[in-house]
Each structure stands twice: as C-alpha cells, then as structure tokens.
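Data first, discussion second: the structure below is written as structure tokens.
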C-alpha cells in the first residue's frame with residue numbers, strides 16, 4: 001500500500017503544478033492587460049487559450065495513454081508544460097505568449113487523463129474513492145497556490161515573466177520525479193484492466209456510453225458557472241471593495257482552498273454509498289443557488305460565501321471524477337472517460353473567462369447574475385438526465 005500512495009503523491013504533485021501554471025494568469029490579469037494594451041475580453045483569452053489545445057487533445061490523450069503507457073505519456077505532458085513556460089517567459093509579444101499557453105494546454109490534456117488512470121491501476125474499485133478524492137483537489141490546490149504566489153513572484157522578479165520562469169522550474173522538477181517513480185505496474189500490482197495499455201481497447205464502444213456524455217455535460221455547465229466567477233474574482237474584489245491586488249488574490253484563493261476539504265470528504269463518502277447520482281443532483285442544485293450571487297455578495301460575508309462555494313465545488317469535482325470508472329463500465333476505459341471530462345473542463349476554461357469578461361466589462365458585475373443562473377440550471381438538467389437514463393452499453 002505504501003507504493004500505491006507514493007504513486008498518488010507523485011501524480012498529485014505533477015497535477016498541482018500543471019494547474020498552478022494554468023492559473024498563473026488570473027492574478028496577473030491587470031498587469032498583462034496593461035503590458036499588452038488589451039481589453040478584458042482579449043485578456044480573458046490568455047487564460048482560455050490554454051484550454052484550446054485541451055479540447056482538441058483530450059480524447060487523443062486517452063489513445064496516447066493506451067499506446068505509450070502512463071510513464072511516457074506523463075513525461076511528454078510535463079515536458080509540454082515546461083516548454084510552454086519557457087516560450088512564454090522569453091517572449092515580448094502577445095501572439096507568442098498565447099502560443100506558449102497552447103503548448104502548456106497539451107500538457108494539461110495529457111496529465112488530466114493520465115493521472116486518474118494511473119491511480120485507478122493501483123487501487124481496487126471499493127478503495128478508489130479516497131485516492132480519487134485526494135487527487136480531485138489538484139485543481140483547487142494548484143489554483144490556490146497560483147493566486148497567492150503569482151503576484152509576489154512578479155514583484156520580486158520585476159515583471160510578469162517571473163511567474164512563467166517559476167512555473168517552468170516546478171514543471172521540470174515534477175518531470176524528473178515522475179520519470180523516476182511512475183512505472184507500468186507489475187501483474188501483481190494491477191487492479192482491473194485499466195492497466196492493460198493496448199491498441200485493442202474498445203474506445204469506439206466506450207464513446208457510445210450515454211452516461212459519460214451526460215456526466216460530462218453536467219461537469220461542463222457547472223464548471224462554466226464556477227469559473228466565470230472565480231477567474232474574475234480578483235479583479236472584482238479590487239474594483240468593488242478597493243482591495244490591493246495581493247489582498248484580492250488572497251481572498252479569491254479561498255474559493256479554491258475550501259475545495260480541498262470538500263474533495264477529501266467526497267472521497268470518504270464515496271466508499272460508503274452508491275447514491276452518487278442523487279448526491280450529484282444535490283451538488284448541481286447547490287451550485288445553482290450559490291454561484292449566481294458571487295458578484296453581489298457584500299464584503300461582510302465574503303469569506304463565508306467563498307468557503308461555501310469552494311466546498312461545494314471541491315465535493316462536486318471529486319464526485320464526478322470518482323464516478324467516471326463506474327459510468328464507463330470497464331476500468332480499461334477509465335482514461336477515455338477522463339478524456340471526456342478533460343475535454344469538457346477545457347471547453348469550460350475556453351468559454352468562461354472571455355464570456356464573463358464580456359458580460360462584466362466596464363464594471364457591470366451585477367449583469368452576470370442571470371447568465372450564471374441559466375448556465376447552472378442547464379447543469380442541473382443534465383444531472384437529472386444522468387440519474388434517469390439506463391445504461392444501454394456494457395463494455396467489459
């Protein structure tokens with residue numbers, strides 16, 4: 001069991017560093033917009049363009065995992081994060097900076113698919129909830145770190161490139177550790193066919209599983225609703241409450257930080273219940289009740305509000321990731337299912353930042369209420385549909 005959790009730690013480290021690099025932009029949004037003389041919509045694409053390659057690469061990443069295995073695929077993914085950081089750190093043009101973000105997006109696509117598939121190889125299904133719940137906190141932990149260190153690093157370095165150099169160094173460290181520790185498990189260490197990386201894996205049949213798409217669209221709309229607020233939260237806190245940039249970033253990071261206990265609690269509960277669909281519906285409803293008021297909440301209750309939405313988001317993400325192996329019906333298809341989730345997450349990243357940047361441009365923060373409500377209600381509808389549909393495709 002010690003080796004299994006060592007693998008979880010290394011995969012988790014790599015995942016956190018990937019997300020840290022994705023979210024180094026929002027805390028520096030004002031700096032970057034001023035540096036390149038762009039408006040909020042264009043500035044939003046510095047965040048969302050990271051996801052463009054993720055949309056394209058999410059499903060092919062599952063095939064690469066099948067063809068080359070977890071070690072080689074993970075090395076390629078982390079190498080892309082490192083390379084993208086170096087490209088960004090050494091450029092003075094917006095076009096090349098965006099190109100570097102696209103390269104980083106390839107790394108995100110690969111790691112988002114590989115990491116949970118590796119974990120699934122080392123744990124039985126009845127023991128998978130906790131490690132998957134722990135891994136699901138990669139997103140909030142990486143985001144929280146990014147929100148709290150990006151601006152201080154930029155100030156210490158003298159400009160925004162410091163955050164890109166720092167992210168590149170961390171990616172290189174993760175690359176070396178991953179290459180040393182992660183191997184293809186031996187026959188005695190495997191659980192299920194998730195460890196059989198062969199071209200014969202029935203991906204086409206797996207994509208015909210209706211529940212993975214219903215789960216994926218549930219995830220998509222909940223992520224758009226949450227990221228629309230959380231990505232622009234630092235800018236909103238600075239303009240609405242007069243916070244300094246560092247204070248605004250620290251407050252915004254609370255929404256991500258509180259996702260950690262939510263994810264871990266979900267991991268524990270998932271080992272004790274099979275009512276995942278009902279719990280997911282409840283999470284979607286709670287998201288629809290809380291996120292729309294993000295740009296309306298008064299400063300007096302801001303900390304409590306961020307704790308609530310963070311906890312809900314962390315719990316929801318852990319639940320969705322842990323449901324993927326069950327929904328796919330074959331552990332060999334875990335990587336494919338995670339590819340669908342990664343694709344939906346990338347679509348959310350691509351859409352949410354520029355969309356809400358456009359909606360709230362020139363300080364029109366309250367106008368985000370109705371669009372957020374509409375988006376999250378669609379998410380609720382998909383979770384209800386998931387609970388009602390019967391599985392018509394059984395892949396063994």
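The values are calculated or read from the model by the stated rules, or taken from the named source; none is laboratory data. Just so it is clear, the model here is predicted, and its values are computed rather than measured. Every residue, glycine as well, gets a Cβ built from its backbone with ideal geometry; the counts of neighbours run over all protein chains shown.
The conditions of being over 22 Å from residue 256 (Cβ atoms), part of a loop (DSSP other than H, G, I, E, B) and free of Cβ contacts under 8 Å to residues at least 40 places away in the same chain are met by residue 92.
It is to be established whether one or more residues within region 272-295 are outside any helix (DSSP H, G or I) and closer than 30 Å to residue 68 by Cβ. Checked against the condition, which is being outside any helix (DSSP H, G or I) and closer than 30 Å to residue 68 by Cβ, region 272-295 yields no hits at all.
Taking residues in region 243-264 that are more than 26 Å from residue 156 (Cα to Cα), and partners anywhere that are assigned to a loop (DSSP other than H, G, I, E, B), the pairs with Cβ atoms closer than 6 Å and at least 6 places apart or on different chains are 260/137; 263/136; 263/137. No other residue among 103, 81 is assigned to a helix (DSSP H, G or I), at pLDDT 90 or above, in contact with a helix residue (DSSP H, G or I) (Cβ under 9 Å, 6 or more places away or on another chain) and surrounded by fewer than 22 Cβ atoms within 10 Å (Cβ to Cβ) apart from 103. Given the criteria touching a residue at least 40 places away in the same chain (Cβ under 8 Å), more than 25 Å from residue 389 (Cα to Cα) and surrounded by fewer than 21 Cβ atoms within 10 Å (Cβ to Cβ), does residue 285 qualify? For residue 285, the condition - touching a residue at least 40 places away in the same chain (Cβ under 8 Å), more than 25 Å from residue 389 (Cα to Cα) and surrounded by fewer than 21 Cβ atoms within 10 Å (Cβ to Cβ) - is not met. Screening residue 38 with (1) in a helix (DSSP H, G or I); (2) without any contact (Cβ under 8 Å) to a residue 60 or more places away in the chain; (3) within 24 Å of residue 252 (Cα to Cα) gives one miss only, at (1). Taking region 239-256 as the range and being over 21 Å from the mean Cα position of the chain (by Cα) and closer than 17 Å to residue 146 by Cβ as the test, the residues that pass are 245, 246, 247, 248.
All conditions but one from (1) more than 20 Å from the chain's Cα centre (by Cα); (2) within 17 Å of residue 226 (Cα to Cα) apply to residue 308; the one that does not is (1). Filter region 238-279 down to residues that are surrounded by fewer than 17 Cβ atoms within 10 Å (Cβ to Cβ), touching a helix residue (DSSP H, G or I) at 6+ places or on another chain (Cβ under 8 Å) and under 19 Å from residue 130 (Cβ atoms), then give me how many there are. Number of matching residues: 5.
Are any of the residues in region 306-314 surrounded by fewer than 24 Cβ atoms within 10 Å (Cβ to Cβ) and free of Cβ contacts under 8 Å to residues at least 40 places away in the same chain? Within region 306-314, none of the residues are surrounded by fewer than 24 Cβ atoms within 10 Å (Cβ to Cβ) and free of Cβ contacts under 8 Å to residues at least 40 places away in the same chain.
When the residues of region 211-242 are narrowed to those that are closer than 20 Å to residue 310 by Cβ and not in a helix (DSSP H, G or I), which ends up modelled with the lowest pLDDT? Per the stated criteria, the residue is 231.
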